[in-house]
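The values are calculated or read from the model by the stated rules, or taken from the named source; none is laboratory data. This one's a predicted model, so the numbers in the text were calculated from it and none came from an experiment. Here Cβ is always computed from backbone atoms with ideal geometry, including for glycine, and neighbour counts include all displayed protein chains.
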């Protein structure tokens, strides 16, 4: 049985290219990201510049929908408490 032709849409190709552009030589995994996401959220709320560790968290969040969801939930909670 021949598999159906699977072609990517323009939007899917664009998404893959965006993700490739955001990759770095050393990537954080989800566990490493979530260890620091609270500090990252506080840094963002205070509008402070991010250091190298925070930049790697920001990069991971741009690529990982699961961690981004956790970060957004945390930001919602922190913003409600202000």
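Annotations
- Of all residues making up region 64-82, the number that are surrounded by 15 or more Cβ atoms within 10 Å (Cβ to Cβ) and either assigned to a helix (DSSP H, G or I) or touching a strand residue (DSSP E or B) at 6+ places or on another chain (Cβ under 7 Å) (or both): 6
- Residue within region 54-62 that is surrounded by 13 or more Cβ atoms within 10 Å (Cβ to Cβ) and free of Cβ contacts under 8 Å to residues at least 12 places away in the same chain present: yes
- Looking only at region 5-41, and only at residues there that are surrounded by 10 or more Cβ atoms within 10 Å (Cβ to Cβ) and over 16 Å from the mean Cα position of the chain (by Cα), the one that is farthest from residue 79 (Cα to Cα): 8
- Every residue from region 44-61 that is assigned to a helix (DSSP H, G or I), over 12 Å from residue 74 (Cβ atoms) and more than 10 Å from the chain's Cα centre (by Cα): 52, 53, 54, 55
- Residues within region 1-43 that are in contact with a helix residue (DSSP H, G or I) (Cβ under 7 Å, 6 or more places away or on another chain), in a helix (DSSP H, G or I) and modelled with pLDDT of 80 or more, tallied: 9
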